[in-house]
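Just below is one structure, and these are the notes that go with it.
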Amino acid sequence: MSLHLDDVTLTYPDGDGRLTALDAVGLDVPAGTLTAVVGPSGSGKSSLLAVAATLVTPDRGRVVVAGTDTGTLDRAGRAALRREHVGIVFQQPNLLPSLTAAEQLRVMAHLSGRRHGDRRARDLLGAVGLADCAERRPHQLSGGQRQRVNIARALMNDPAVLLVDEPTSALDHERGAAVLDLLVTLTRRRGTATVVVTHDRAHLHRADRTVTVRDGRLTAA
Ligand SMILES: Nc1ncnc2c1ncn2[C@@H]1O[C@H](COP(=O)(O)OP(=O)(O)OP(=O)(O)O)[C@@H](O)[C@H]1O
Ligand SMILES: [Mg+2]
């Protein structure tokens, strides 16, 4: 199942006027492929992910997630779609300080009423190389390990669409490369349509495709 954006324009209120964050953006991400998004700070990369995640509704255009035209959904419908089909790793790390790594993942299964959350959490922590850290809380993990918990958590509900904002910004080059490799592997194995925002151009050869956002406009890199 894929992600499809067609002619998407998003504006934010800005003083007396509007600021155009996305300007007639089109993007196709087939299942099992990873698209990297680069571009200057403030160009619209996180806005692109927010629209794809249905967290923000565009002024114009179509966002199709896993075959559903999200314009046909109300608020509750979008929330359900996100819960079922979208995995999001935000630019700001947002693990809950009091929960262990395994618990961060189990909360997701609990929220969507899924069974077998314990086993799945264990498997996913293993898949991101953190089998030995399952009982640790965020302050007992390194920055890179926290990023990997974030990624594993986003995968808990087996999303069709995986959206990842700057997963390598807090990491050195080598660890950043390892996270990108992990995302590529998970994308192939699980058939997700994956979009990764990154500042580090050295990682781009790992992506199936790279697009550049500049002043809200998207071009193939
Ligand atoms: N909620 C908001 N309200 C108003 N303006 C916003 C909002 N969120 C983002 N913007 C503006 O929209 C533009 C695009 O922001 P966005 O966060 O998408 O950029 P970005 O490419 O992710 O930048 P960075 O690399 O710094 O994370 C910027 O000019 C930003 O100031
Ligand atoms: Mg951003």
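Just so it is clear, none of the values below were taken in a lab; they were calculated from the coordinates. Nothing here was measured: the structure is a model prediction, and the numbers come from that model. All Cβ positions, even for glycine, are placed from backbone atoms using ideal geometry, and neighbour counts span all protein chains on display.
At a glance:
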{"read-out": "Compactness of the chain as Cα Rg over 2.2 N^0.38 Å, two decimals", "value": "0.99"}
{"read-out": "Simple spin-label estimate for D69 and A220 in nanometres, 7 Å along Cα-Cβ", "value": "2.6 nm"}
{"read-out": "Length added when fully stretched, R115-S41, from 0.36 nm per residue minus Cα-Cα", "value": "22.6 nm"}
{"read-out": "Label-point gap, in nm, between L55 and L204 - each point 7 angstrom along Cα→Cβ", "value": "2.5 nm"}
{"read-out": "Approximate shape of region 143-221 as ellipsoid semi-axes (Cα gyration tensor, √5λ), whole Å, largest first", "value": "20, 16, 12"}
{"read-out": "Relative packing of 2-9, 70-77, which averages over residues the other C-beta atoms within 10 Å, highest first", "value": "2-9, 70-77"}
{"read-out": "Which of A178, H199, G77, positive extreme of dipole for region 67-221 (C-beta unit charges)", "value": "G77"}
{"read-out": "The chain: relative contact order as a whole-number percent, Cα under 8 Å and 6+ apart", "value": "32 percent"}
{"read-out": "Gain upon complete extension [Q92, A131; 0.36 nm per residue less C-alpha separation]", "value": "11.7 nm"}
{"read-out": "Point-charge dipole on Cβ atoms (K/R +1, D/E -1) for the chain, about Cα centre, debye to 20", "value": "660 debye"}
{"read-out": "Cβ-defined net charge surrounding H199, 10 Å radius [Lys, Arg +1; Asp, Glu -1]", "value": "0"}
{"read-out": "Distance between modelled label sites at H139 and A178, nm, 7 Å Cα→Cβ extension", "value": "2.4 nm"}
{"read-out": "Mean ellipticity per residue at 222 nm, deg cm²/dmol - from DSSP H runs of n ≥ 4 across the chain, formula -39500 (n - 2.57)", "value": "-10000 deg cm²/dmol"}
{"read-out": "Peptides 184-192, 134-142 ordered by average Cβ neighbours within 10 Å, highest first", "value": "184-192, 134-142"}
